[in-house]
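One structure is given here, and the rest of the page talks about it.
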Amino acid sequence: MATTENSYTSSATQTLFSFTFPYIDTTDIKVSVDGVVKTITTDYTLASATQIQFNTAPGASKTVRIYRDSLYSTRIKTRCR
């Protein structure tokens, strides 16, 4: 199965995080910090095709999760229930 998320424990000043999964559209990329979903442009931007950059570092020892949530994966979840 393909990787669809990457998780990190942040440092106090870290703002740049990489991800390794494929995506079709940038709107499929989602980011959360300690379970709270963040908003693109308000909280973070895409620094490159495989990196997100927070506008402000999330803080020390926070769990940063970068994941794919696409219409396609939503359809699969719905059909499997």
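Taken together, the values in this text are just the output of simple stated rules run on the coordinates, not laboratory data. This structure is a prediction, so every number in the text was calculated from the model and none was measured. Don't worry about glycine lacking a Cβ; one is built from the backbone with ideal geometry, like all the others, and counts go over all protein chains shown.
Points to keep in mind about this one:
- Between amide H atoms placed 1.01 Å from N, distances below 5 Å from residue 38 occur with 31, 32, 33, all of them 5 or more places distant or on a separate chain.
- The local environment of residue 34, defined by Cβ-Cβ distances under 11 Å, has a net charge of +3 under the rule Lys, Arg +1 and Asp, Glu -1.
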